[in-house]
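Input: a single structure, listed below in structure tokens.
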Amino acid sequence: MTTPSFAELDALPTEELRERAFTRARERRDVGFFWSVFKHLPDADEAAQLDGAPNSIGPTVEEAVALWRELEGHGYGDNEPLLRAAFIDYLQKH
């Protein structure tokens, strides 16, 4: 499987990038990625209260996905360029 180029990924809509990155992070059980994304979402106060440290007792990938579903539909706000970059970076590195 070849990794898409930056240009190919950058041409995708943000939601497609998010879906791909979240799928990859779920497969890898990468809770840290989810928490790093949540920190940059508008109205993500709930995420700030959770400890996303690797090997910590507490949040799981499924909890991260559940939190995302609660925040879904609120838009990315001014942080969309930052989130797009995070999704693209994750997809290229993993």
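Taking the condition part of a helix (DSSP H, G or I) and crowded, with 16+ Cβ neighbours inside 10 Å, does A7 pass? No; evaluated as a whole, the condition is false for this residue. Of all the listed residues (D89, D30, D78), the sole one being at pLDDT 75 or above, open to solvent by 90 Å² or more (accessible area, probe 1.4 Å), within 28 Å of P4 (Cα to Cα) and not hydroxyl-bearing (S, T, Y) is D78. Within the range 10-27, if we keep just the residues that are in contact (Cβ under 8 Å) with a residue 60 or more places away in the chain and under 13 Å from the mean Cα position of the chain (by Cα), the residue that is most open to solvent (accessible area, probe 1.4 Å) turns out to be R20.
The values are calculated or read from the model by the stated rules, or taken from the named source; none is laboratory data. The structure displayed is predicted, hence computed values, not measured ones. Quick reminder, even Gly has a Cβ in these numbers, built from the backbone with ideal geometry, and neighbours come from all protein chains shown. Surface accessibility is based on the protein's heavy atoms, side chains included, excluding ligands, DNA and RNA. Shrake-Rupley method; radii C 1.70, N 1.55, O 1.52, S 1.80 Å.
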